[in-house]
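Please read the structure below before turning to the comments.
The values are calculated or read from the model by the stated rules, or taken from the named source; none is laboratory data. Note that this is a predicted model, so its numbers are computed, not measured. Cβ atoms come from the backbone with ideal geometry, glycine included; neighbour counts cover every protein chain shown. Accessible surface areas use protein heavy atoms only, side chains included; no ligands, DNA or RNA. Shrake-Rupley method; radii C 1.70, N 1.55, O 1.52, S 1.80 Å.
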Amino acid sequence: MPGLNLAAAGLRLAFAGEGIIDLPELTLVPGTLTALTGPSGSGKSTLLYLLSGLLQPDAGSIAWAGQDLAGMRESQRDRWRRQHAGFIFQNFHLIEELSPLDNVLVPLWFDHFSAAAARPRAIALLDQLEVPRRRAHVSLLSRGEQQRVAIARALITDPAVIFADEPTASLDAASGQTVIAVLRDLALEQGRTVLVATHDAALRQQAGTTVQLDHGRTRQSEAAA
Amino acid sequence: MNPLPIAWASLRRNRFTAILFIAIVALTVALGIAISAQERALRIGSARAADKFDLIVAAPGSHNDVLFSTVYLDPSAVPLLDPAMTRLLLEDGQADFVAPIGFGDAIGDAPVVGTTAAFVEHLSGGLAEGRVFAALDEAVVGALSPHAIGDTLEVSHGHGGATGTDADAAADAIAAGTAVPGGDGDHPTITIAGRMQPTGTPWDRAIVVPIEYNWSAHGLGTGHLPGDSHIGPPFDPDSLPGLPAVVVKPVDVAAAYGLRGAYRTPQSTAFFPAEVLVELYSLLGDATAIMSALTLAAQALVVAAILAGIVAILDLQRQQFAVLRALGASRSFIFATVWVYVAALIVTGAIVGLLLGWGFAALVSEALAQQTGVAMRAEIGMSEFRLVGALVALGLVLASLPALLIYRRPVVEGLR
């Protein structure tokens with residue numbers, strides 16, 4: 001699935017006290033791996049939540065291919081995520097009692113009673129990501145394998161946009177490299193829009209675009225070669 | 001949507017807590033079910049036991065005492081019916097048969113009851129084996145009696161069972177007029193001639209002898225002219241002793257009410273066992289209603305306490321729910337997941353409790369039947385299903401409280 005364009009403008013979010021986002025402009029293009037960097041507390045995660053519709057900005061627009069998340073109700077934003085977005089977390093957030101396959105199928109149950117139709121795709125994704133499927137519980141997998149299950153879960157609905165929040169931060173270097181390669185492939189080979197909040201230098205090096213945040217403001221936005 | 005796999009995963013995550021919650025709900029439900037089912041078993045069992053005792057005529061006094069003595073063979077000191085009244089009854093055309101009942105002896109724990117062959121046939125609906133007694137020293141045993149046909153048994157004075165043959169019981173019997181001072185000692189051995197069908201009454205454990213045996217053993221004559229050795233009616237009107245109770249089978253319904261009215265005199269009382277039982281049941285029913293209300297209140301409290309526990313447990317899982325939201329789950333999906341989780345605990349607990357309560361009531365019924373001889377069977381009926389249904393309905397409604405609490409949590413807070 002080709003990615004979606006993002007055109008965000010005049011984004012502002014104020015918490016009581018800290019964590020203010022003040023972003024005059026941000027554009028993302030499909031086929032690019034964009035790294036969102038900055039020191040802890042710079043608002044990386046908050047921006048990710050804003051752009052994925054989990055948070056509503058106080059002002060501004062977040063237009064994904066013309067659809068402005070800022071103007072949508074919560075249920076519409078839920079549906080947008082369901083249809084267009086995949087999410088990857090630092091700590092995987094898998095359901096430990098479920099098998100790797102069932103974990104990948106979780107997003108299907110939001111809309112369908114039976115996830116059977118998506119099983120072949122889930123199996124293909126797990127095989128592609130080299131995750132052993134024959135485990136009763138996902139907790140029996142290594143951390144690197146668990147993150148790859150989480151990636152398969154993010155991809156099961158074939159979303160145009162992938163959000164990742166520090167996807168390599170709790171992995172060893174080798175597992176991190178695999179995840180970085182997968183994310184790069186999702187953007188460059190498959191043409192999705194991939195936005196990664198990270199402070200991992202290895203991941204930043206592979207990013208096509210880097211957006212540096214400092215106290216919620218863009219310090220620098222650069223396109224790498 | 002399908003919240004089941006995720007609700008099931010959540011249940012498995014805290015399986016010991018889940019099992020504990022189910023057990024608590026089950027035990028509370030079982031308590032309510034057992035009380036309700038046991039009360040009905042007691043009512044139905046005791047009413048069935050009294051079925052064959054159409055109309056009881058006795059000396060004026062407590063109907064309860066006469067009923068318990070006659071139907072449930074739980075003897076108490078009752079005044080004796082004036083022989084003049086018995087004489088009138090024996091001549092009354094509205095009576096199909098008139099059966100004198102006499103107590104006061106026992107063989108081991110089993111009471112020895114005196115009556116007529118006609119009443120034995122009526123109560124038992126034809127014998128299971130052997131024949132009904134035809135002589136003074138013959139007897140018929142109840143269906144559950146350990147004695148076999150042909151056995152020869154020593155009869156001792158007293159009421160049997162817990163009262164035994166001690167002096168107290170003898171004094172009671174004398175006071176009740178079923179024995180005369182110094183009249184003890186003429187208890188010939190008896191031979192078992194037949195066995196009754198099961199009647200579901202304490203008579204199933206009794207040894208039934210001709211009423212003449214009962215009278216003569218207590219020095220009251222035989223109810224016949226000297227030298228007349230036949231047993232059963234007709235009795236000699238002038239030789240009849242006083243009786244604790246007489247069971248009358250009226251010829252028809254009109255006769256039943258006619259006799260009941262006619263024998264409510266200063267010298268006698270007449271009543272249908274059912275009317276006494278109805279009064280007892282209304283007392284029992286009041287007690288049951290109070291107990292049921294208390295158990296229902298306890299059940300509601302248990303459900304409330306468990307909901308509080310569930311909220312605490314689900315609070316620990318708030319990150320998972322936030323992640324589901326981030327993955328695109330709607331609020332209604334989160335609501336459904338939590339609701340299914342809570343509902344599963346309550347419904348499972350209620351079903352287990354229903355079975356447990358049934359089993360418990362069955363055990364109590366069995367123990368009571370053993371103890372009293374009144375056949376009782378605990379059954380699960382509409383009222384038990386209603387009780388469980390009410391609790392389940394309450395639980396399902398209350399299940400939406402934790403569901404609403406979890407569903408209202410801001411997503412981003414859970415993700416941090």
When restricted to B:Ser156, B:Ser124, the only residue touching a strand residue (DSSP E or B) at 6+ places or on another chain (Cβ under 9 Å) and surrounded by fewer than 23 Cβ atoms within 10 Å (Cβ to Cβ) is B:Ser156
Any chance region B:25-40 includes a residue that's open to solvent by less than 10 Å² (accessible area, probe 1.4 Å) and under 29 Å from B:Arg260 (Cα atoms)?
no
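Would you confirm whether any residue within region A:74-81 is facing chain B (nearest Cβ under 9 Å) and touching a residue at least 40 places away in the same chain (Cβ under 8 Å)?
no
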Can you give me the ranges of the helices (runs of 4 or more DSSP H) entirely in region B:301-404 with at least 3 residues that are touching a Gly at 6+ places or on another chain (Cβ under 8 Å), closer than 30 Å to B:Pro146 by Cβ and open to solvent by less than 10 Å² (accessible area, probe 1.4 Å)?
none
Out of A:Gly43, A:Gly31, A:Gly53, I need the residue that is away from every other protein chain (no Cβ under 14 Å) and of a type in the set (Gly, Ala, Ser). Which one?
A:Gly31
If we scan region A:167-176, do we find a residue that is buried (at least 24 other Cβ atoms within 10 Å of the Cβ) and either within 14 Å of chain B (Cβ to nearest Cβ) or free of Cβ contacts under 8 Å to residues at least 40 places away in the same chain (or both)?
yes
Checking A:Leu188 against (1) of a type in the set (A, V, I, L, M, F, W, C); (2) more than 21 Å from A:Arg133 (Cα to Cα); (3) open to solvent by less than 10 Å² (accessible area, probe 1.4 Å), only one condition comes out false. Which one?
(3)
Condition broken by A:Ile162, with the remaining ones in (1) touching a residue at least 60 places away in the same chain (Cβ under 8 Å); (2) in a loop (DSSP other than H, G, I, E, B); (3) within 13 Å of another protein chain (Cβ to nearest Cβ) satisfied:
(2)
Those helices (runs of 4 or more DSSP H) completely within region A:84-159 that have 3 or more residues that are closer than 30 Å to A:Leu6 by Cα, open to solvent by 10 Å² or more (accessible area, probe 1.4 Å) and away from chain B (no Cβ under 12 Å) are A:119-128
Picking from B:Gly232, B:Gly223, B:Gly182, the residue that is modelled with pLDDT under 80 and in the same structural domain as B:Gly125 (by TED's automatic domain parsing) would be B:Gly182
Of the residues in region B:47-60, those that are surrounded by 24 or more Cβ atoms within 10 Å (Cβ to Cβ) and either at pLDDT below 90 or part of a helix (DSSP H, G or I) (or both) come to B:Ala49
Hey, can you tell me all the residues within region B:360-384 that are free of Cβ contacts under 8 Å to residues at least 12 places away in the same chain and not charged (D, E, K, R)?
B:Leu363, B:Ala367, B:Gln370, B:Gln371, B:Met382
Of all residues making up region B:291-329, the number that are among the small types (Gly, Ala, Ser), touching a residue at least 24 places away in the same chain (Cβ under 8 Å) and within 10 Å of chain A (Cβ to nearest Cβ)
2
Just to be sure, is B:Pro60 in contact (Cβ under 8 Å) with a residue 40 or more places away in the chain and either under 30 Å from B:Gly126 (Cβ atoms) or within 14 Å of chain A (Cβ to nearest Cβ) (or both)?
no
Just checking, how many residues over region B:3-17 are within 12 Å of chain A (Cβ to nearest Cβ) and open to solvent by 10 Å² or more (accessible area, probe 1.4 Å)?
9
For region B:73-164, give me every one of the strands (runs of 3 or more DSSP E) that falls completely inside it and has 3 or more residues that are in the same structural domain as B:Asn214 (by TED's automatic domain parsing), among the aliphatic types (A, V, I, L, M) and modelled with pLDDT of 85 or more.
B:95-107, B:110-115, B:138-141
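Residues in region B:237-253: is at least one exposed (fewer than 14 other Cβ atoms within 10 Å of the Cβ) and either touching a strand residue (DSSP E or B) at 6+ places or on another chain (Cβ under 8 Å) or more than 30 Å from B:Glu138 (Cα to Cα) (or both)?
Checked region B:237-253: at least one residue is exposed (fewer than 14 other Cβ atoms within 10 Å of the Cβ) and either touching a strand residue (DSSP E or B) at 6+ places or on another chain (Cβ under 8 Å) or more than 30 Å from B:Glu138 (Cα to Cα) (or both).
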